[in-house]
């Protein structure tokens with residue numbers, strides 16, 4: 001199993017590097033373009049704040065995890081639609097960069113993101129990568145299917161899947177690791193982030 005995990009990372013380094021680039025570029029652009037993004041993203045921030053304050057969204061491990069794991073699986077599934085997972089990752093990067101740019105206390109806001117963000121951003125990168133690998137699987141499957149010469153549709157489908165199944169397996173491996181990282185991120189955000197941020201602020205002040 002360990003070898004399969006290593007293979008999933010080694011064989012899909014390009015997808016992972018692309019996902020890293022998408023996240024960091026969108027984070028930077030979200031921060032820099034805050035004035036231009038205000039009209040589009042501020043309503044999202046206001047709605048999210050109201051839901052937290054009204055109790056619709058509770059900052060418990062369960063709520064945080066299920067809200068974030070939904071995004072992970074969206075990036076995986078939407079990879080089938082022309083790598084749409086990259087768009088989801090970019091939006092989340094834009095939003096995070098924008099949110100930091102609008103903060104009244106930049107240091108405190110960053111400290112409220114970093115502890116769980118290390119795991120959450122890593123999870124999002126791997127989730128996007130899994131979507132890109134899933135699209136690679138679909139491309140290989142259809143390409144092989146097109147070249148199949150058997151008269152039996154069942155045989156064609158099975159042969160095409162067998163020829164490209166390694167990519168499907170690797171996509172699922174990356175998805176599982178992304179889900180584990182998101183679970184860790186949810187735990188840290190619910191139970192540790194605020195305490196860590198307050199401790200660091202008290203030390204610095």
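The values are calculated or read from the model by the stated rules, or taken from the named source; none is laboratory data. Only a predicted model underlies this, so the values are computations on that prediction, with no experimental measurement involved. Note that we place each Cβ from the backbone using ideal geometry, even for glycine, and neighbour counts take in every protein chain shown.
Here are the numbers for this structure:
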| read-out | value |
| --- | --- |
| Failed item in (1) farther than 24 Å from residue 168 by Cβ; (2) touching a residue at least 12 places away in the same chain (Cβ under 8 Å); (3) assigned to a helix (DSSP H, G or I); (4) in contact with a helix residue (DSSP H, G or I) (Cβ under 7 Å, 6 or more places away or on another chain), with residue 25 passing the rest | (4) |
| Output for region 161-187, where each listed residue is surrounded by fewer than 19 Cβ atoms within 10 Å (Cβ to Cβ) and farther than 22 Å from residue 10 by Cα | 183, 184, 187 |
| Some residue of region 34-42 being assigned to a helix (DSSP H, G or I), without any contact (Cβ under 8 Å) to a residue 60 or more places away in the chain and under 17 Å from the mean Cα position of the chain (by Cα) | no |
| Matching residues in region 141-178 - criterion: being in contact (Cβ under 8 Å) with a residue 60 or more places away in the chain and touching a helix residue (DSSP H, G or I) at 6+ places or on another chain (Cβ under 6 Å) | 170, 171, 173, 174, 175, 177, 178 |
| Hits in region 1-31 - residues which are within 16 Å of the chain's Cα centre (by Cα) and over 12 Å from residue 133 (Cβ atoms) | 17, 20, 21, 22, 23, 24, 25, 26, 27 |
| Pairs with Cβ under 7 Å, 6+ apart, first in region 119-137 and without any contact (Cβ under 8 Å) to a residue 12 or more places away in the chain and on the phi > 0 side of the Ramachandran plot, second assigned to a helix (DSSP H, G or I) and surrounded by fewer than 24 Cβ atoms within 10 Å (Cβ to Cβ) | none |
| Single match in 196, 113 (criterion: within 17 Å of the chain's Cα centre (by Cα) and under 22 Å from residue 68 (Cβ atoms)) | 113 |
| Test set (1) in contact (Cβ under 8 Å) with a residue 24 or more places away in the chain; (2) crowded, with 19+ Cβ neighbours inside 10 Å - residue 196 fails condition number | (2) |
| Every residue from region 20-69 that is modelled with pLDDT of 95 or more, over 16 Å from residue 117 (Cβ atoms) and exposed (fewer than 14 other Cβ atoms within 10 Å of the Cβ) | 21, 32 |
| Which numbered condition residue 79 fails, given (1) on the phi < 0 side of the Ramachandran plot; (2) in contact with a helix residue (DSSP H, G or I) (Cβ under 8 Å, 6 or more places away or on another chain); (3) assigned to a loop (DSSP other than H, G, I, E, B) | (3) |
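To keep it simple, each residue is scored yes or no on (1) assigned to a loop (DSSP other than H, G, I, E, B); (2) over 23 Å from residue 194 (Cα atoms).
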position: 4; (1), (2): no, yes
position: 65; (1), (2): no, no
position: 83; (1), (2): yes, yes
position: 90; (1), (2): no, yes
